[in-house]
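What follows is one structure encoded as structure tokens, with my remarks underneath.
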Amino acid sequence: MMRANAGALPLHSLHAWEERWPWVQAGMTARGDDDAPFDLRWFGAERPGAPDRWRRLREELGFATVVHAPQVHGADVLWHAALPPGILLTDPADGHATDRFGTLLTVSVADCVPVFLLAPEHKAIALLHAGRMGVAAGILSRGVRAVGAVGAGAADLHVHLGPSICGTCYEVGPEVHEALGLPRPDGPRPVDLRDRLRAQALAAGVPAGQVTVSTECTRCAPAGTWFSHRGGQAGRQVGYLGLRG
């Protein structure tokens, strides 16, 4: 679903959306050069070069405003109206939504699922960071409701579930299965977060033909493609979604 871009930065675009709706910019950064990984984490003990890499990302994608937040594995989604230019760090949240052209929404991931939501007729978007706790807390439904602020219903939405850890690589305890609404196994078992999110999108009323799911796994992809927390890497890539203009 994502296609690597030719350019100075390691970007993978959600080309099907960008080709169908040329005013949409959607995609995800990748790990990049082994000698100088394109690590975009703002937070933590080590983040050398992160501010410069964020500036380069903003310049490459051509947006006046870039929005990011400290992520807390919750279900809060912030709506963004008029914002000043620059790279803006908001209050803690795990999702962003807007109908403003020129504002790029971002979430950082390294196994969690970046969830892209688009209401083309209303020109409104949301971008979510969905880990196991966010999925269990219903962040997908909160994202659907956020875009509904401009009158878009679930049937108007297109949803893409981006590169993340796959259902084979992500083994979790019985309590996680139970929190996700699955039968409680008798021990640790793999779980597929994208499958759960797809089910939640359909339950919310998004048509099945408007939900797409990446097959790329951040853990078992070829070495050097993505950052993976379970793979022992501290770095972060970001999903990004914006309305050009």
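Couple of notes before you dig in:
- Calculated over segment 42-163, the projected area of the Cα convex hull averaged across directions stands at 7.5 nm².
- Between PHE101 and VAL72, the C-beta separation translates, for a Förster distance of 22 Å, into a calculated FRET efficiency of about 0.20.
- For the chain, DSSP calls about 70 percent of its internal beta bridges antiparallel.
- Column: log10 I(q)/I(0), Debye, Cα scatterers of the chain, q = 0.09 Å⁻¹: -0.34
- Ordered by solvent-accessible area of protein heavy atoms (1.4 Å probe), largest first, the residues THR106, THR212 come out as THR212, THR106.
- In the elastic network of the chain, a GNM with C-alpha springs shorter than 10 Å, the most mobile of ASP35, ASP76, ASP99 is ASP35.
- Accessible area of segment 147-245 belonging to carbon and sulfur atoms, whole % at 1.4 Å probe: 50
- GLU178 - accessible surface, heavy atoms, 1.4 Å probe, Å² rounded to 10: 100
- Solvent-accessible surface (1.4 angstrom probe) belonging to THR29, in square angstrom, nearest 10: 0
- Of every Cα-Cα pair in segment 102-242, the percent that sits beyond 19 Å: 51
- Where VAL213, VAL67 fall by accessible area, highest first, once all protein chains stay in place (1.4 Å): VAL213, VAL67
- Simple label model, 7 Å out from Cα along Cβ direction - ARG3 to GLU59, nm: 2.7
- Cα centroids of segment 8-69 and segment 127-184: 22 Å apart.
- The mean sequence distance of close C-alpha pairs (under 8 Å, at least 6 residues apart), as a share of the length of segment 165-227, puts its relative contact order at 37 percent.
- Using a probe of 1.4 Å on the protein chains alone, the accessible area found for ARG53 is around 40 Å².
- At R0 = 41 Å, FRET efficiency that the Cβ-Cβ distance of GLU19 and GLU171 yields, to 0.05: 0.65
- Order of exposure, largest accessible area first, which applies to THR215, THR98 with probe 1.4 Å: THR215, THR98
- Averaging the sequence gap over all C-alpha pairs within less than 8 Å and six or more residues apart, then dividing by the number of residues, gives the chain a relative contact order of 23 percent.
The values are calculated or read from the model by the stated rules, or taken from the named source; none is laboratory data. All values reported here derive from a predicted model rather than from experimental measurement. All Cβ positions, even for glycine, are placed from backbone atoms using ideal geometry, and neighbour counts span all protein chains on display. Ligands, DNA and RNA are stripped out before the accessible areas are found, and what is left, the full protein with its side chains, is counted by its heavy atoms. Shrake-Rupley method; radii C 1.70, N 1.55, O 1.52, S 1.80 Å.
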